[in-house]
Structure formats: structure tokens, C-alpha cells
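*Asks:* First the structure, then my questions, so here it is.
The values are calculated or read from the model by the stated rules, or taken from the named source; none is laboratory data. Not measured: the values here are computed from a predicted model. Cβ atoms come from the backbone with ideal geometry, glycine included; neighbour counts cover every protein chain shown.
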Amino acid sequence: MKARRSSVVSACLLLALGAIAQTTKEEMFETIEKTAGVYYAYPVEEAVEYTQAPDGYEPFYISHFGRHGSRYLILETDYTNPIREMERAEKAGALSELGKDALSRLRAIYDEAEGRAEDLSPLGARQHRGIAERMTAAFPEVFGDGKKISARSSIILRCAMSMAAFCDRLKELNPTLKITYESSKKYMPYLTGRSAEANAFTGANGVWRNSYNTFRDAHTNPDRFVSALFADSAYVKQYVDPKALMWQFYWVASDVQNMETEATLYDLFTKQELFDLWQCFNYQFYCTNANHADSNGAVKDSYKPLLRNIIESADEAIAKGDIAATLRFAHDSNITPLAALMGIENYGVAVKSPETLYTHWTDFKVSPMAANLQIVFYKKQAKTDGDILVKFLLNEQEVHVPVETDSFPYYKWDDVRAYYGQLAGM
């Protein structure tokens, strides 16, 4: 089979995630928002070209897994703690002019975030509407009149709201689609489940914790940051935990890109400071959600039930012929180990050292806000014989999986099913 390059749709948007390219410090410095890690807002930039399917093949089914869209920080105290610290210093006359300005910006950010901790933001809803629209534009044959769609989400509200935004857009584009919406504890075991072995590894006594703590301590250097915000060094010495305050500002600074506010805190940091903090976050997220070399695969293997669901749902769609898509909505802590388990690109790489991790594995490339995996199924339309083909899109980019093919990005479904079925213990 020969595959040709063809523009799927001129309005389709390319995600600037660079799934294959090695991450460099220069890349991070150029787009400093990437130092937010998994708080990086889903980036869309310019027209993309997808590889045209072999002659005679058309898409007929999509299996999808998506992370919720952009959200506010998880806890109200993520906003109020740094505000409280800065207000106390303000009352003591200990803030510099920059510190006073930073406090003003924190208050403006909290004006929007107050009462919305862990909620989907308006941007998060727009992201899912956009992904749904681009999916429909790229694969219109899938979404024929009267086709059925199963949509299931984690019981966490931001996931259900992401599902609603996504499916609402599908219905706007084709009101005849028959979509079932479910957000139920029934599906949590395969959407978000973790094994006891995984929880032991990622927990407080995980073997990676000592190296993480040492690395974090060495890469958290707040002296310049704090001295810029405070005019009274004696006050800082007596009342301020500089490292804790720097991290508090980092979290708010990272998440502002997911909000409606035009405020920013990035100018309070140097690019090197942000890069260093992100390296700590990247390592911690990798250890708890991917395939650390000492984990014995425990975290990624927890998602074998999800992989089985993907295979079983595909079997049903192929057999029945009236199912357009299976949609699933959960979290970064689910799509990340799924990508590791499936061996998508380099996301299953086993690394131990925090110093070099970012050159091998990067959090924002596998799971920005609204991250998504789409497995697109194709069959020949002119006759009943012929292999079913699939291609894999991670964040709307064609990606490799560890199955042989002579026509990337297209793989024979029988080969893919055999490989993943064995991996999932089917």
C-alpha cells in the first residue's frame, strides 16, 4: 500500500507539540508557557496535512480518549496562600514595588478563580468544541446521519463538562447523531483505575522520592525571585519560606494561561528559574504517571483494562456497523500511562535519572490540557473484503505504535489487535 500526502481540510489546526522531536532548553525558552507542563494549554497554530488513506479506504469509526480541557487550580488555597503571604508582608511594609504589583495581579487572577477551584474553564470548553469540530471536518464519513456515539466520562465534573462541550458541538454539526452520555462510577475502574502496586510505587514511600526531593531542592533557587518581591530582607528571613513561596507563584503563573484573565506572572521569573522548576514537575509527573525504570511497569500496566475496553469497543463497532465513535473523558493521569502502555512514540521510555529525563520524555507533549488519543478505523467501501486499517493520532498528530507496517501512519487492524490484545491479556 502506498500513502500520499494530502491536506485533510484547510481549516484544520496543527498542534505545536512536536511529539517525536527531542525537547531542548531552547524550545522551552522560546515558548515559556511550556514550562507549565501538564498545565500547558492545548496549542493550535496552523494548517496540518494528514496522510491520505490508501485508495478505496474511508474512515468509519473513531475510538477516542480525552483529558478534560483547561481548568483552574485544584484548591482554593492554591490562590489564597500566596495572596495571604504577600498581604501580610504588605501590611508590614516589606514588599518592593514589584512585590506590590505582583500582589495586585494575584488578586486580579483570584477575582476570576474564586469559587472555581478544579472547574473546567471557558477555554477548556472551547478546546473540546474545537477538537470535535476538527474531528468531524477531517473524518466526515464517520459522522453520517443517525450514527450512534457512546460518550463516557470520569465522575469528576470537569470531565463531564468536557464531554458535554465535545458532544454538543458534534450535535450542532449533525443533529441526527444519537449520542448517549454517561458519567458513572460503573466505568471508573477502566477509565481511572490504579493497581495496588502502582499506588505503592507512586505514593509517599516510592523508591523515586529521595532522588526527586534532592533534585527539587537543588533546582529550587528562590533568592533572586524573593529579593525582587521584598524590600526588607530581615522580614524575609523571619517570616517567609522562600522556596515554598516560589512554588506557590509557579503554580499560579503556570495555570493563568488556562483562564480568561490577561494577567501574567511569568515576568516575575527568569526563564532559567521556570525551566528548573518545570524539570522538577516533569520528573514528579513522570514517576507517578508513566514508566519509571524502577516501577516494573506497574503504573502503565494499570491501564490494561482501558486497553481491553478500546479493543472490545472496536470489535463491537466493526460488527454492528452503526457506531460512529466511542468517546472517553478522564484525566492526565490516565491518558499518560495509556500512551506509555501502548508504546506511542517514546512515551513508554523507562528512565531513572531526573537530570536527563526531559531529553527523553516530556509531560506537556503527551498530556497538555485537553490531550486526546484518536484511533481512526478505515475500511474499503467498494467491496467487503480487504483489511481494516487504523491510524493513531495523539493530540491530532499522526504517531507511531510498536506494530509493523509498510504504510505509516496506517496499520492493519488485525496486527494491531493481536499485539494489543496480547498486551492487555485478552
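*Asks:* In the range 309-426, which strands (runs of 3 or more DSSP E) lie fully inside it and hold 3 or more residues that are free of Cβ contacts under 8 Å to residues at least 60 places away in the same chain?
*Replies:* Here the list reads 389-394.
*Asks:* Of all residues in the range 168-183 being part of a loop (DSSP other than H, G, I, E, B) and out of contact with any Gly (no Cβ under 7 Å at 6 or more places or on another chain), which is surrounded by the fewest Cβ atoms within 10 Å (Cβ to Cβ)?
*Replies:* Looking at the filtered set, the residue picked out is PRO175.
*Asks:* Then there is this: Could you grab me the full set of residues in the range 345-390 that are within 19 Å of ILE62 (Cα to Cα), surrounded by fewer than 21 Cβ atoms within 10 Å (Cβ to Cβ) and of a type in the set (Val, Ile, Thr)?
*Replies:* ILE388
*Asks:* Moving on. List the number of the failed condition for VAL226; all other conditions in (1) surrounded by fewer than 17 Cβ atoms within 10 Å (Cβ to Cβ); (2) part of a helix (DSSP H, G or I) hold.
*Replies:* Answer for VAL226: the failing condition is (1).
*Asks:* Look at the range 289-308 and say how many of its residues are of a type in the set (S, T, N, Q) and in a helix (DSSP H, G or I).
*Replies:* Number satisfying all stated conditions: 1.
*Asks:* Would you pick out the residues in the range 200-217 that are in contact with a helix residue (DSSP H, G or I) (Cβ under 9 Å, 6 or more places away or on another chain) and part of a helix (DSSP H, G or I)?
*Replies:* Answer for the range 200-217, where residues must be in contact with a helix residue (DSSP H, G or I) (Cβ under 9 Å, 6 or more places away or on another chain) and part of a helix (DSSP H, G or I): ALA200, PHE201, THR202, ARG209, SER211, TYR212, PHE215, ARG216, ASP217.
*Asks:* Additional query: Taking the stated definitions as given, is ALA151 within 21 Å of the chain's Cα centre (by Cα) and either at pLDDT below 95 or more than 21 Å from PHE392 (Cα to Cα) (or both)?
*Replies:* no
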